[in-house]
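Step one of this worksheet: look at the structure below.
The values are calculated or read from the model by the stated rules, or taken from the named source; none is laboratory data. Keep in mind that what you see is a predicted model, and the values were worked out from it rather than measured. Here Cβ is always computed from backbone atoms with ideal geometry, including for glycine, and neighbour counts include all displayed protein chains. In case anyone asks, the SASA skips ligands and DNA or RNA and just uses the protein heavy atoms, side chains included. Shrake-Rupley method; radii C 1.70, N 1.55, O 1.52, S 1.80 Å.
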Amino acid sequence: MKLDCCWFLVSSDFRIWCFLLNSVIIVVPFVDSVGLLFPNIDASSSLTYTPLIINPVTENGFLGDASPKYFIGVTSIKINDKPVRTNASLLSIDAEGYGGTTISTADPYTVLESSIYRAVVSAFVKAMPKNVQRVPSIAPFGACFGSKNISSTRLGPGVPSIDLVLQSKSVYWRIFGANSMVEAKKDVLCLAFVEARTDFRPRFVVVIGGHQIEDNLLQFDLSASRLGFSSSLLGRSTTCANFNFTST
C-alpha cells in the first residue's frame with residue numbers, strides 16, 4: 001500500500017489523520033502519541049509553522065463568503081538559496097480574491113502563474129550542474145533533463161532545492177528532488193511544476209500539488225489558524241507509508 005501524503009486536521013471539535021491513497025482520502029482517528037511513523041519517529045514534534053490565510057472572496061467572486069481553500073503566505077521563491085525574480089505583488093491575495101498560494105490534492109503537480117513559472121524554470125535550469133544535459137520537454141513539463149549525471153540521494157534526485165519563503169526569510173518550505181522531479185520516461189527527469197492556463201487570469205498564482213506534498217507531513221491546525229509542515233520525511237528516513245496505525 002502506497003500512502004502518497006499524510007496530514008492531520010486539528011480544531012476545537014475534532015482531531016483526525018488523513019491520508020491520500022490512489023486519489024482516495026482515508027480518515028482515521030488521531031491521538032497524541034510518540035512514534036507515529038516507523039521506526040519510532042514522531043514527525044509531528046518538529047514541524048515548522050506558518051499562518052493559514054483566509055481569502056475573503058470565493059472562486060465565484062462573492063466578497064464576504066470566504067473561500068473554503070487553505071492559503072499560506074508565500075512571499076518569495078528561492079532556488080539553491082538564490083531568490084527567483086518575480087512580481088512579488090502577485091503572491092498576495094488582492095481585493096478581488098486573485099493571487100496567493102493554496103494547497104490542492106486534486107492537482108498532481110504544482111501549478112504556477114505564467115510569469116512565475118517561466119522565472120522558476122529559467123532559474124532552475126541555470127542552477128542545474130553543468131554536466132547535466134537538458135533534453136526536449138515532455139508535456140506538461142517545461143524543463144527536462146537526462147538523468148545520467150544526476151546523482152541519487154536519500155532525498156531523491158540530487159538537483160537544486162526549491163524554497164517557498166513564508167512570513168520571514170528563516171521560515172521556508174524546502175522542496176527536494178523527490179518532490180521537485182518526476183521521471184517522465186526512461187532516463188529523463190522533468191521539473192514537476194506546470195504552467196497555469198494562459199487563456200484566462202488564474203485565480204491562484206501558486207497551487208501546491210500532490211507530488212510536492214508526497215511524503216510530507218502537514219498539520220492543518222484550524223484552532224490556531226496555522227499550517228505545520230515537515231518538508232520531506234525522507235530526510236528522517238521514513239515516509240507516510242510508515243504510519244503506525246497501532247498508535248491510534
Taking every other residue with Cβ under 14 Å from the Cβ of residue 195 and scoring Lys and Arg +1, Asp and Glu -1, one gets 0
Using a 1.4 angstrom probe with every protein chain in place, what is the largest-first accessible-area order of 203, 118? 118, 203
In a shell of Cβ-Cβ distance under 10 Å around residue 232, excluding residue 232 itself, what net charge do Lys and Arg (+1) and Asp and Glu (-1) give? +1
Under Karplus coefficients 6.51, -1.76 and 1.60, residue-wise ³J(HN,Hα) of the range 72-81 in Hz, glycine/proline x: 10, x, 5, 9, 6, 10, 10, 10, 6, 6
How much FRET efficiency would the formula 1/(1 + (r/R0)^6) give for residue 81 and residue 186, where r is the Cβ-Cβ distance and R0 is 30 Å, rounded to 0.05? 0.40
At a 1.4 Å probe radius, which order do 163, 187 fall into by accessible area, largest first? 187, 163
Cα-based reach from residue 82 at 19 Å (exclusive), listing lysines while leaving out same-chain residues under 8 positions away: 126, 130, 169
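Please tell me the relative contact order of the range 130-244 in percent, rounded to the nearest whole number, where contacts are Cα pairs under 8 Å and at least six residues apart.
21
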Is the range 143-248 rounded, prolate or oblate when judged by the Cα gyration tensor, a ≥ b ≥ c being the square roots of its eigenvalues, rounded requiring a/c under 1.5 and prolate requiring a/b larger than b/c? oblate
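Kindly state, to the nearest 0.05, the FRET efficiency for residue 241 paired with residue 49, given R0 = 25 Å and r defined as their beta-carbon distance.
Given R0 = 25 Å and the Cβ-Cβ separation, E is 0.50.
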Here the net charge surrounding residue 162, from other residues whose Cβ is less than 10 Å away from its Cβ (Lys, Arg +1; Asp, Glu -1), is +1
Would you list, by chain and number, the lysines whose Cα falls below 22 Å from the Cα of residue 69, excluding same-chain residues fewer than 8 positions away? none
Give a residue-ordered list of calculated ³J(HN,Hα) values for the range 220-226 (Karplus: 6.51 cos²θ - 1.76 cosθ + 1.60, θ = phi - 60°; whole Hz; x for Gly, Pro). 8, 8, 6, 5, 9, 6, 8
With labels modelled as points extended 7 Å from the Cα through the Cβ direction, what inter-label distance (nm, one decimal) is found for residue 133 paired with residue 148? 0.4
Residue span residue 225 to residue 168: 0.36 nm per residue of separation minus Cα-Cα distance leaves a gain in nm of 18.8 nm
In whole Hz, what ³J(HN,Hα) sequence does the range 158-166 give by Karplus (6.51, -1.76, 1.60; θ = phi - 60°), x for Gly and Pro? x, 10, x, 6, 10, 10, 9, 7, 10
Taking Cα centroids, how far is the range 161-190 from the range 107-125 in Å? 11
With the Cα gyration tensor of the range 77-216 giving a ≥ b ≥ c as the square roots of its eigenvalues, does the rule (a/c under 1.5 for rounded; else a/b larger than b/c for prolate; else oblate) give rounded, prolate or oblate? prolate
